[in-house]
Each structure stands twice: as C-alpha cells, then as structure tokens.
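Rule-based calculations on the coordinates, nothing more; no lab input. What you are looking at is a predicted structure, and each value in this text was computed from that prediction instead of being measured. A quick note on method: Cβ atoms are made from the backbone with ideal geometry, for glycine too, and the neighbour counts reach across all protein chains shown.
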C-alpha cells in the first residue's frame, strides 16, 4: 500500500519527554493481551517544497470507558469520544496522528485491516472538515519500542513513509559522508557523532563576543552548516572580545555576521554552508531560517531578542540553547563578580526562558518600546547608561561550555530531556546547577500550550 516514489519527505518529531509520557500512558492503559491506541494532534510546517514537518500540539490516550471494543481483534472508540476529538482538535485545524499497538515484540507491520480502515478514515477526514486534515498512522509493538509511521493522501488511496524521531535533536540527513583527517583525534566520540556534527544545521542569533567564540569553537568541532543572524556592524569596542577582528574590518563597516562567516570559512576550504542575515530576529527571512534549523543558539545581549528566540523555538518546536554572561560589583567587598549562564529549556514545553526567569519580561518590554519610552524609563532609573561590561575570557568560558553541551547532546553523553540551567561564578570558581523541576510552570503563558491528556471516562469529556 505504501508508495516510496513520492517526492515529498514527511517528518514527525515528538520531543523525548512528551513521547515518554505518551508511551507511559499507553502502557498503563493496556489490559492483558489487548491492543491500545493514542493520538497526537499536529500543526503542519512546510520546510521547503519537498519537506513537511508535523509539530505535535496535543496528545490523548483514551481509557477503557472510551472504547466500544478493545481486543486483539480490533479497536473501536465510542461515538461520543470520537466526536469530542474531532470537535476539539480538528476544527482547530490540526492534523491527526493515530498510533496503535500490535501484540508481541516483533517489529510490527500494518495489516490489511489497518489498510482498509485507515484508508476510509483518511477520506472521511477530508470530506467532513473544511481544512482537510491529513491522517498519519503509526503501528508499534506492545512495548512501544519498535514502530513505523505513514501518511495518507486525502483520497485515502496512497500512503507514504514518515521519518519519525523522539530525540532532542532531529537530524534526518545523509550520514554517508566520510570522516575527514582533521577530525581524527575526535574518534573517541564515535564516527556517527562526527557525521551528525558535520550535518547539523545551527542557527546562531547574536554574533558578538559570545556568539563569535561559540561559532568558531563549534565549527572546529565539525559543524559546517550555519545561519547567522545579527543586525549589527563591528565597532572598536568589540575588538577586545572578538578573536580575529581588526581595525580594518571596523573601518570597512563589516557586518558581524560576515565576520563570523569568515571565521568558519577559514576552517573549511570546501564543504561549509554559511547563510548570513544582517537583520533583527523578527525579520521574516530570519524567522524562516530559525524555523527550519536543527538547533537554535541565542547569544545576544538583550532580553527582547532572547524572548523572541524562545517564542520561535516553542512555535516550531526547535531545540534552543541560551548563552549569556554578567559582570557586576560585589557590594560587600567592592570587587567584581562574574557569571556565565548556559540554559537549555526542555523541548516541547515544561519550562522556558520566560517562566524560568532566565530573562526579564519587564526588560524585554522596555527594549521593544519606542525611543521616547526608553528615555523616560532611563530617567526613572530603570536602565543603566551603558551595556553590561564584557571580557573575552569570560565569554570564552560561556561559549566553550555551550559547545560542550552541543557535543554532549549529539554524542549522547549528556541528557537534556528535562532541560539544564548551569551558572558559573568567578572568582569563586563555582558551578551552580539549577534543579529544573523548580522551573516547571504548568500555567506558563508561553510554554503551557502543549496539551497532554489522559481521558478517564466519557463523563470527563
């Protein structure tokens, strides 16, 4: 039934924490030798003419009272529950992902019964809803360890394979290229890790003191594919913390994105791809590139751009790493205190930069206000007259730690499913690790949009 000659590639990326919660609910709802079903409801994202992602926005696992029949011979939901699903989610324009299990631990295949009913259901959806939602179906073994997905056309006649991932990073790329000699001394991390680094596409927002060090360090680790976003040009004040930047570049009014591009191009004579966008993060071209990246890294010096980066990461469900430093004076002994912070919010919600107070919404609002409002706030004493102080070595600690986090995620020795928030304090030379469970905010305006629901009885609908 599945046709492999379709030119379009389909992707379904479910965040690891969300997938684990869904699987746990599916397993809890299983009775002896009975199959079980669950649903995701997804937004469609057109990456390119030939690539489409489906982004999960809600999931449901029905309990026994929502079935008319639940056995190895078939699964039938009650009409009341089925109508509830359609009215709540499909009317909102979301697409359906239907997942069911087969008994046993063998790698499952879609049965002829699956083919028939899914074909009919795909046609039903397109006929009865104005936005013509698509049906993605998945079949798994009883432990939910092995499975496959397919997507049906709107006529219910043909279906095509779907690339499925439930990891933090979703890298569906060709990993056949050969390792280069320059990475020989990184073999301890594994050849697959190196190939994934070579194929990883990073969108870096902020190409200043931290961003430039991060880009060069990650570039030398093996990352060749970049989108660089920053509206600023090089200034003399930048030269103390941007390696390789020169007075001549300042005189020639180099954009910071072009400066960082030159750093990456010096590493690779061929094979790198660096797209530069000398514009703010809210520029339409920047937003489009951020939405299609494998990883977003924000290394800006203001709260507004970090807030905008987090919002885009949540909207398109893209992994995000936030890098920042801060220097102030200790009031007790009048000596400098220096901090760097590396934050990775969990993919798919739970907590974000806003609900975790990683950034200040008040300062972000001031930064987005007209110039007259900024001047009034400044006179009231809410803003300092100069930017935060910055030094190269502190930026380097922050950037290098960020690179280590990326390396750990790709190679698998660092788990960020529940997020991380690390703060380095100098001169005490102390690392603080936030217990991220205290950052979780179920009613956060920004990241609580991801809806997980286990329906207990029809009375709950």
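What Kirkwood hydrodynamic radius do you get for the stretch 9-166 when you take the inverse of the mean 1/r over all pairs of distinct Cα atoms, in Å? Write down the numbers at each step before the final one.
Details: mean 1/r = 0.0631 Å⁻¹.
It is 15.8 Å.
Relative contact order of the stretch 181-438: what whole-number percent is it, with Cα pairs under 8 angstrom and at least 6 residues apart?
On the way: 454 pairs, mean separation 51.1, N = 258.
Reported as a whole number, the value is 20 percent.
For helix 392-411, report the angle its Cα long axis makes with the longest principal axis of the Cα atoms of the chain; keep it between 0 and 90° and round to the nearest 10°. Result, in degrees: 20. Dividing the summed helix terms, -39500 (n - 2.57) for each DSSP H run of n ≥ 4, by the number of residues in the chain produces a 222 nm estimate of -9000 deg cm²/dmol to the nearest 500. Peptides 62-70, 199-207 ranked from most to least packed give 199-207, 62-70, packing being the mean of other C-beta atoms within 10 angstrom over each peptide's residues.
Taking Cα atoms of the chain, Rg/Rh with Kirkwood Rh, to two decimals? Intermediate values should be presented prior to the final figure.
Numbers: Rg = 24.6 Å, Rh = 24.3 Å.
A ratio of 1.01.
Label sites at residue 191 and residue 357, each approximated as a point 7 angstrom past Cα along Cα to Cβ, lie 5.0 nm apart. Per-residue extension of 0.36 nm, minus the Cα-Cα distance of residue 106 and residue 65, leaves a gain of 11.9 nm for this segment. Label positions at residue 334 and residue 181, each projected 7 Å from the Cα along the C-beta direction, are separated by 5.9 nm.
Take every Cα pair under 8 Å in the chain that's 6+ residues apart, average their separations, divide by the length, and report that relative contact order as a whole percent.
On the way: 897 pairs, mean separation 71.6, N = 461.
Taking the mean separation of contacting Cα pairs over the length of the chain, I get 16 percent.
Taking Cα atoms, how many degrees apart are the long axis of helix 303-316 and the longest axis of the chain, rounded to 10 and kept between 0 and 90? Roughly 20 degrees, rounded to the nearest 10. Have a look at the DSSP beta bridges in the chain and tell me what percent are antiparallel, nearest 5. Bridges in the chain are about 55 percent antiparallel. Take the alpha carbon atoms of the stretch 185-201, find their center, do the same for the stretch 203-242, and report the distance between the two centers in whole angstrom. Comparing the Cα centres of the stretch 185-201 and the stretch 203-242, I get a distance of 22 Å.
Regarding the stretch 181-438, what's the average projected area of the Cα-atom convex hull, expressed in nm²? Write out the running numbers ahead of the final one.
Working: hull surface 61.1 nm².
Here the figure is 15.3 nm², rounded to one decimal.
Taking Cα atoms only, the orientation of helix 16-28 departs from the longest principal axis of the chain by about 30 degrees.
Measuring from centroid to centroid over Cα atoms, what is the spacing of the stretch 40-59 and the stretch 272-311 in Å? With the stretch 40-59 and the stretch 272-311 each reduced to a Cα centre, they are spaced 20 Å. Scoring 96-103, 406-413, 328-335 by mean Cβ neighbours within 10 Å over their residues and listing the highest first yields 96-103, 406-413, 328-335.
Quick check: residue separation of residue 128 and residue 270 times 0.36 nm, minus the Cα distance between them. What number comes out in nm?
Values: separation 142, 0.36 × 142 = 51.12 nm, distance 5.21 nm.
The residue 128-residue 270 span can extend by a further 45.9 nm.
Each peptide in 15-23, 126-134 gets a packing score, the mean of other Cβ atoms within 10 Å over its residues, and the list from highest to lowest is 15-23, 126-134. Projecting label points 7 angstrom from Cα along Cα→Cβ for residue 236 and residue 28 puts them 6.4 nm apart.
Here 35, 251 are placed in order of increasing Cβ neighbour count within 10 Å, fewest first, which gives 251, 35.
Where both residues lie in the stretch 9-166, what percent of DSSP beta bridges are antiparallel, nearest 5? Each step should come with its number before you reach the end.
On the way: 28 of 42 bridges.
Counting only bridges with both partners in the stretch 9-166, antiparallel ones make up about 65 percent.
Which whole-number percentage describes the relative contact order of the stretch 9-166, with Cα contacts under 8 Å and a sequence gap of 6 or more? Computed over the stretch 9-166, the figure is 25 percent. Note on residue 443/residue 252: beta-carbon distance plugged into 1/(1 + (r/R0)^6) with R0 of 56 Å gives a FRET efficiency of 0.65. Counting every other Cβ atom within 10 Å of each residue's Cβ, 320, 27, 90 order from fewest to most as 27, 90, 320.
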